[in-house]
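What follows is a set of notes on a single structure, which appears directly below.
The values are calculated or read from the model by the stated rules, or taken from the named source; none is laboratory data. None of these values were measured; they are calculated from a predicted model. In this analysis, Cβ positions are derived from the backbone assuming ideal geometry, glycine residues included, and neighbour counts consider all displayed protein chains. Areas reflect the complete protein model, heavy atoms only, side chains present, ligands, DNA and RNA absent. Shrake-Rupley method; radii C 1.70, N 1.55, O 1.52, S 1.80 Å.
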Amino acid sequence: MTQNYPTHSKFKYDSLFISLSVTIMITCDVLVYKTLDFYDFKITFSGILFSFYFLISTIQTEVYGYRQGVKTVWIMVLCQSIFVMVIFVASHMQPENNQISMNFKSLFGEFWRVMVGTWTSVPISYFINGFVISSLKKVFLGRFFFIRYLIASMTTQAALLLSAYPISLSSKYNFNELITIITTTWSYKVVMSIILLPIGIILADKVKKLESADVYDWGISYNPFFLRGNKK
């Protein structure tokens, strides 16, 4: 078990996890308004894609520890905020110019809601995920990854949807539709987590071997605003 906390410079692939996380979350921002209908159920396309971010986030915490994941979250929040603000401002610039501009404003005119949702949902959901994975890893001494993964999935997905969707989607859907979207998307995400579990187990084991690292978060602070050091 790795009890000392390796420095970021020792990691070869952590930057890849950060890049993939930012790419997926920005794509989710764009797709948050796109829903798919399955009989009487609705699910957001961003909800479909987010399952892959959860997989990446969980593997990153499992291999590199909670603190590396915290850095990724704040990088994501910064990048998402810049992206959403640019799209929002662009949607309000000369919206009457042509039909495309009017359609663009119609779709992204209230995109600021996504940014507010990002500021709340991304930190809340990841820190819950990171805390569950990290804490249970110590409790189980690195065993039972599948149990830790599923518990984290159910709690993280619920936290994300309940904190993000009421803010991001309340202007597009009524209350009953919103409840349907949240419950359907949560169910889908949990099922997807189960489907992706074997991939998560394989990838986590592979990355640990490639990095020669398997961090256990002994004695760290779980305060997400404490970015330096590892002591409480």
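Please build a GNM for the chain, connecting alpha carbons under 10 Å apart, and tell me which residue among M93, M85, M154 fluctuates the most.
M93
So what's the gap between the Cα centers of region 106-177 and region 75-95, to the nearest angstrom?
The distance from the Cα centre of region 106-177 to that of region 75-95 comes to 21 Å.
Can you tell me the convex hull volume per residue for region 63-107, based on C-alpha atoms, in Å³ to the nearest whole number? Before the final figure, lay out the partial values.
Numbers: hull volume 3.0 nm³, N = 45.
Looking at region 63-107, the number lands at 68 Å³ per residue.
For the chain, which whole-number percentage of the solvent-accessible area (1.4 Å probe, protein heavy atoms only) is attributable to carbon and sulfur atoms? Working shown, then result.
Working: 7950 of 11420 Å².
Of the solvent-accessible surface of the chain, carbon and sulfur hold 70 percent.
Hey, if you put +1 on the Cβ of every Lys and Arg and -1 on every Asp and Glu Cβ in region 12-209, which of Y13, S168, I195 ends up farthest toward the positive end of that dipole?
Farthest towards the positive pole: Y13.
If I require 24 Å or longer along the helix axis, counting alpha carbons, and a Kyte-Doolittle average no lower than -0.5, what helices from the chain are left? Use full DSSP H segments. Numbers along the way, then the final one.
On the way: long enough: 14-31 (26 Å, 1.65); 45-64 (29 Å, 1.14); 66-91 (37 Å, 1.38); 112-139 (40 Å, 0.71); 145-168 (33 Å, 1.14); 175-211 (48 Å, 0.97).
The qualifying helices are 14-31, 45-64, 66-91, 112-139, 145-168, 175-211.
Treating only the Cβ of Lys, Arg, Asp and Glu as charged (+1, +1, -1, -1), what charge dipole size does region 12-209 show about its Cα centre? Round to the nearest 20 debye. Please report the intermediate quantities before stating the final value.
Numbers: 16 positive and 9 negative charges, 172 e Å.
Charge dipole, region 12-209, about its Cα centre: 820 debye, nearest 20.
What are the radius of gyration and Dmax of region 142-232, computed over its Cα atoms and given in Å?
17.5, 50
Any idea how far apart L150 and F226 come out in nm if each label point goes 7 Å out from Cα toward Cβ?
Label at L150, label at F226, 3.3 nm between them.
Hey, what does the equivalent ellipsoid look like for the chain, semi-axes from the Cα gyration tensor as sqrt of 5 times each eigenvalue, largest first, whole Å? Present the calculation step by step, with values, prior to reporting the outcome.
Numbers: eigenvalues 226, 80, 41 Å².
Semi-axes from the Cα gyration tensor: 34, 20, 14 Å.
Please work out how much length the chain gains when fully extended from I179 to H92, using 0.36 nm per residue of separation minus the C-alpha to C-alpha distance, in nm with one decimal. Mind showing how you got there, number by number?
Numbers: separation 87, 0.36 × 87 = 31.32 nm, distance 2.98 nm.
Full extension of this stretch gives 28.3 nm more.
Taking only protein heavy atoms and a 1.4 Å probe, what accessible area per residue, in Å², does region 12-209 have with all protein chains in place?
The answer is 46 Å² per residue.
Cut-off 10 angstrom, C-alpha nodes, Gaussian network model of the chain. Which of S187, S121, S171 fluctuates the most?
Taking springs between Cα atoms under 10 Å, the residue moving most is S171.
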